[in-house]
Amino acid sequence: MYVSIVLWNLKNSDATVESLREYLRDYAVDAFSTLKGMRMKTWFADSERGYWGGRCTSGTA
């Protein structure tokens with residue numbers, strides 16, 4: 001089993017927490033649900049500080 005945790009600082013990015021939430025809702029949730037071996041994908045954000053992150057668990061137990 002693999003766990004990946006990523007965190008992005010959006011300070012110098014054109015992306016915003018709001019735009020990334022729209023992307024998740026409109027596309028990414030469905031796309032990630034079809035990945036073989038994906039056990040869980042969790043997104044988190046801090047709008048005030050401009051951070052966006054995710055946690056992914058994949059593989060077999």
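Average accessible surface for the chain: 80 Å² per residue, computed with a 1.4 Å probe over protein heavy atoms with every protein chain in place.
For the chain, dividing the convex hull volume of the Cα atoms by the residue count gives 75 Å³ per residue.
Of the residues Cys56, Trp43, Leu24, the one whose Cα sits farthest towards the positive end of the charge dipole of the chain is Cys56 (charges of +1 on Lys and Arg Cβ, -1 on Asp and Glu Cβ, taken about the Cα centre).
Atom-type composition of the exposed protein surface of the chain places 52 percent of the accessible area on carbon and sulfur (1.4 angstrom probe). Our summary gives the chain a relative contact order of 53 percent, counting only alpha carbon pairs under 8 angstrom and 6 or more residues apart.
The helix-based estimate of mean residue ellipticity at 222 nm for the chain, built from -39,500 (n - 2.57) per DSSP H run of four or more residues and divided by its residue count, is -4500 deg cm²/dmol to the nearest 500.
The dipole here belongs to the chain: it is taken about the Cα centre, uses +1 on the Cβ of Lys and Arg and -1 on the Cβ of Asp and Glu, and is about 340 debye. Restriction of the trypsin sites (Lys or Arg not before Pro) in the chain to DSSP coil positions whose beta-carbon has at most 15 other beta-carbons within 10 angstrom yields Lys11, Lys36, Arg49.
The values are calculated or read from the model by the stated rules, or taken from the named source; none is laboratory data. Bear in mind the structure is a predicted one, so any value in this text is a computation, not a measurement. In this analysis, Cβ positions are derived from the backbone assuming ideal geometry, glycine residues included, and neighbour counts consider all displayed protein chains. When the accessible area is computed, the model is the full protein with side chains, heavy atoms only, and any ligands, DNA or RNA have been set aside. Shrake-Rupley method; radii C 1.70, N 1.55, O 1.52, S 1.80 Å.
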